[in-house]
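Step one of this worksheet: look at the structure below.
The values are calculated or read from the model by the stated rules, or taken from the named source; none is laboratory data. Nothing here was measured: the structure is a model prediction, and the numbers come from that model. Don't worry about glycine lacking a Cβ; one is built from the backbone with ideal geometry, like all the others, and counts go over all protein chains shown.
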Amino acid sequence: MLRYFTAGESHGEALVAFLSGVPAGLKVEQAALDRELWRRQQGYGRGGRMKIERDAAHILSGVRQGLTIGSPISVRLENRDWKNWQDALPVAEGNPALHKRVASPRPGHADLAGALKYNFPEARYVLERASARESAARVAVGAIAKVFLREMGIDVFSHVIAVGMISVEKEVPWQEIAALYDRPEILLNCADPEREQQMKAEIDKILRTGDSLGGIFEVVAHGVPPGLGTYAQWDERLDALLAAAVMSLQAVKAVEIGSGIASATSLGSSVHDEIGYGEPADFTSFTRTHNNAGGIEGGVSNGEEIRVRGYLKPISTLRRPLQSVDFSTREPVRAAYERSDVCVVPAAGVAAEAMVALTLARCAIDKFGGDSMGETLRNFRGYCQQLKDY
């Protein structure tokens, strides 16, 4: 099984990610990881932290001479801002007077819930781990999952559907989404240039008010064969796994697969994708009139593009803070302010790509097995032939 987890704090010395279960013999290039980390740092509306960090992945184990060797992969990402926090967040016992308290919890953040859970007198340590800075570590190992999937012809990219009230109404085809990846600069990662400029103007307007903006991103997985996931157990259904993976990202409050939200108020005759049979396609000769199911039926991929949307709430840290309570005095005060972004929808989309890629890679390894890439790809090709012969 493919397994992964992360460690590290927002202003700690480094973030670390661990990935276990990748077959031996996968070619991993440093540039592939750094490209994904760069993409996560881009986007109009990001804050001052992105001017400090220049994320680069330092692979510590599991890759030798450019190839995976079957053992756990560990990756380290330096936090450049650590130099400003060493005295405030020392590992050993330090000077309590230098500790930087989060004196009042921010509405919408983990501050209060985390302080209550761990019995902290204030929210500094909650903020440090709950911060979306952690998603950089996921993007690093997600990049390896992307490389693995690409060996099977599967690509995973994202694009922005909405920022605030500005949205793209039409379904964007795969070719236009894939073209965004090669842009030398990421503005808002939107495939509609006119809407992208409107989104930018909306962010400028909100920035002047001291508020923040949420939005919607969509992750599309292209080239996924039918048969990943299963309906046999509730926790092995592909749609459930993807929903949990994307929902686990900071600030994501809802997940949609295909046209799930609109389908709830539509007639079945207009929702379900009719099946036909025609010329051989990528995997089978079965065809669909639409893809309202988002590439998944009954918890199993059906050979169509997998489309997953994440609904991102506005960032919890506001330049014009909301009402809160002082941790010490319990008196009403304004919520604490930490350096933050105005809008992170494009960056969240990149982090969601990583989570979707990790989930699909896990399901692919579950299905095709293999301790080496040669074995895995041999099993994959055999399955593809089975589909064609069906």
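Structure values in brief
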item	result
For Ala262: the one exception among (1) hydrophobic (A, V, I, L, M, F, W, C); (2) over 29 Å from Arg133 (Cα atoms); (3) not in a helix (DSSP H, G or I)	(3)
Subset of region 253-298 that is acidic (Asp, Glu) and surrounded by 13 or more Cβ atoms within 10 Å (Cβ to Cβ) - its residue that is nearest to the chain's Cα centre (by Cα)	Glu256
Residue within region 299-319 that is of a type in the set (D, E, K, R), over 30 Å from Lys388 (Cα atoms) and either over 28 Å from the mean Cα position of the chain (by Cα) or outside any loop (DSSP other than H, G, I, E, B) (or both) present	yes
Filter result (aliphatic (A, V, I, L, M) and assigned to a helix (DSSP H, G or I)) within region 199-223	Met199, Ala201, Ile203, Ile206, Leu207
All positions within region 125-160 that are without any contact (Cβ under 8 Å) to a residue 40 or more places away in the chain and closer than 19 Å to Asp341 by Cβ	Val126
Tally of residues being surrounded by fewer than 21 Cβ atoms within 10 Å (Cβ to Cβ) and touching a residue at least 24 places away in the same chain (Cβ under 8 Å) across region 108-124	4
Test for Asn95: is it surrounded by fewer than 14 Cβ atoms within 10 Å (Cβ to Cβ), among the polar types (S, T, N, Q) and touching a residue at least 40 places away in the same chain (Cβ under 8 Å)	no
Qualifying positions in region 320-334 - at pLDDT 95 or above, assigned to a loop (DSSP other than H, G, I, E, B) and surrounded by 16 or more Cβ atoms within 10 Å (Cβ to Cβ)	Phe327
Every residue from region 148-162 that is crowded, with 19+ Cβ neighbours inside 10 Å and part of a helix (DSSP H, G or I)	Phe148, Leu149
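Conditions tested, residue by residue: (1) at pLDDT 95 or above; (2) out of contact with any Leu (no Cβ under 9 Å at 6 or more places or on another chain); (3) in a strand (DSSP E or B).
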site	(1), (2), (3)
Phe18	yes, yes, yes
Val22	yes, no, no
Ala31	no, yes, no
Asp34	yes, yes, no
Leu37	yes, no, no
Gly43	no, no, no
Arg46	no, yes, no
Lys51	no, yes, no
Leu60	yes, yes, yes
